Amino acid sequence: MSTETIGERLRHIRKGKELPLRKVAALLDIDVAILSKMERGERKITKEVVLKLADIYNYSTEELLIL
């Protein structure tokens, strides 16, 4: 079982899709610093944000919610 956090997984997916932090933050309508803190585990990620990110990244919502 992986010890990767949801933030680490989200950053890995974003970088794999070559999406800049600023573009994803704009799509979520949040500040870049907030998204960065979420990816680093310094700020909680709401279910709403996880659902939006799964849609943006075309990634399994269920897998992200389990993390």
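Some notes on this structure:
- Of everything in region 1-44 that is open to solvent by less than 40 Å² (accessible area, probe 1.4 Å) and of a type in the set (Val, Ile, Thr), the residue that is nearest to Leu64 (Cα to Cα) is Ile6.
- Within the option set Leu19, Leu51, Leu64, Leu35, being more than 10 Å from the chain's Cα centre (by Cα) and among the aliphatic types (A, V, I, L, M) holds for one residue only, Leu19.
The values are calculated or read from the model by the stated rules, or taken from the named source; none is laboratory data. A quick note: this is a predicted structure, and the numbers were derived from the prediction, not measured. In case anyone asks, the SASA skips ligands and DNA or RNA and just uses the protein heavy atoms, side chains included. Shrake-Rupley method; radii C 1.70, N 1.55, O 1.52, S 1.80 Å.
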